[in-house]
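Novice: Have a look at this one before I ask anything.
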Amino acid sequence: VQLQASGGGYVQPGGSLRLSCAAPETFRLNRMGWYRQAPGKQREFVAFMFSGGSTGYADSVKGRFTISKYTANNTWYLQMNSLKPEDTAVYYCHARRFGSDADYWGQGTQVTVSS
């Protein structure tokens, strides 16, 4: 595992959490993103950001989640607001480097939204 994800936890519906993911400083990141996998379901796309700043989101999280990055230390974030029980999942960060099609994944961090 070369990506380090953190920030998951337990939150009530309507609450917020921020996930972080860090890549090695030697990585020249082209694409950064987040995926999630709920129990009994396949892993699904959540959000991405290219190094130039363009972003994309799954319809289910648009307007509630925001992906951002801090280039200086190869870290990116997923700010999750207005969380819903259906957002409960293990969240995985993902990255691709310039000049490579290899996929890098973080270890996963659990997000649980429940009252």
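The values are calculated or read from the model by the stated rules, or taken from the named source; none is laboratory data. Note that the coordinates shown come from a computational prediction; the quantities given were computed from them, not determined experimentally. Cβ placement follows ideal geometry from the backbone for every residue including glycine, while neighbour counts extend to all protein chains displayed. Remember, those area values only see protein heavy atoms, side chains included, never the ligands or the DNA or RNA. Shrake-Rupley method; radii C 1.70, N 1.55, O 1.52, S 1.80 Å.
Novice: Among 27-38, 53-64, 6-17, how do they line up from the highest to the lowest mean number of other beta-carbon atoms within 10 Å?
Specialist: Working: 27-38: 19.0, 53-64: 12.8, 6-17: 14.3.
Packing proxy ranking, top to bottom: 27-38, 6-17, 53-64.
Novice: If the chain between SER100 and SER114 were fully stretched, how many nm would it gain, using 0.36 nm times the residue separation less the Cα-Cα distance? Mind dumping the intermediate values first?
Specialist: Values: separation 14, 0.36 × 14 = 5.04 nm, distance 3.92 nm.
That works out to 1.1 nm of additional length.
Novice: Restricting to the chain, what percent of DSSP beta bridges are antiparallel, rounded to 5? Kindly include the intermediate steps, with their values, before the conclusion.
Specialist: Values: 37 of 41 bridges.
Beta bridges within the chain, antiparallel portion: roughly 90 percent.
Novice: For a label point 7 angstrom out from the Cα of GLU86 toward its Cβ, which stretches of the range 18-52 have the backbone nitrogen within less than 19 Å?
Specialist: 35-47
Novice: Mean separation of Cα pairs under 8 Å and 6+ residues apart, divided by the residue count of the range 1-107: what relative contact order is that in percent? It would help to have the intermediate numbers written out before the result.
Specialist: Details: 225 pairs, mean separation 39.6, N = 107.
It rounds to 37 percent for the range 1-107.
Novice: Now a separate question. If r is the Cβ-Cβ distance from SER54 to SER6 and R0 is 25 Å, what FRET efficiency results, to the nearest 0.05? Walk me through the numbers before you get to the answer.
Specialist: Numbers: r = 25 Å, r/R0 = 1.00.
After rounding to 0.05, the efficiency reads 0.50.
Novice: Along each of its three principal axes, how wide is the spread of alpha-carbon positions in the range 57-115, in whole angstrom units, largest first?
Specialist: 43, 22, 21
Novice: If you roll a 1.4 angstrom probe over the protein chains with everything in place, what fraction of the accessible area of the chain belongs to carbon and sulfur, to the nearest %?
Specialist: Details: 2770 of 6030 Å².
Solvent-exposed carbon and sulfur of the chain make up 46 percent of the total.
Novice: Using only the alpha-carbon atoms of the chain, report the extent along each of the three principal axes, biggest first, to the nearest angstrom.
Specialist: Rounded to whole Å, the extents work out to 43, 25, 22 Å.
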